[in-house]
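What follows is calculated from the coordinates using simple rules that are stated; it is not laboratory data. Source: prediction; values computed, not measured.
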């Protein structure tokens, strides 16, 4: 006799994490000594252009979260942010000019000079 599973089905989102970004996230999590965190990307009102990205580690999981895994890294997007992020690509740049995570979002009509805010 099989036991029914109580796991809720997980819906995926349309955000992509590059292998370079996944490698950096894995490295940061190893430095923290945590394996219970996931990378969350959200969109909030604010910034110079109207909306601002939030990219952070989160231990919470909400029932309405959309989840996808990239090279062992779980990326979570809340349902409200998902339409603003469809097709977005998260990468990690490590050059002389720039170091850090970048978000290439086809839904952004315009963005500010800092790159953290868009409309």
Per the C-alpha gyration tensor (a ≥ b ≥ c, the square roots of its eigenvalues), segment 64-106 is rounded if a/c is under 1.5, else prolate if a/b beats b/c, else oblate; here it's oblate
Classified through the alpha carbon gyration tensor (a ≥ b ≥ c as square roots of its eigenvalues; rounded if a/c is under 1.5, else prolate when a/b is larger than b/c, else oblate), segment 16-118 comes out oblate
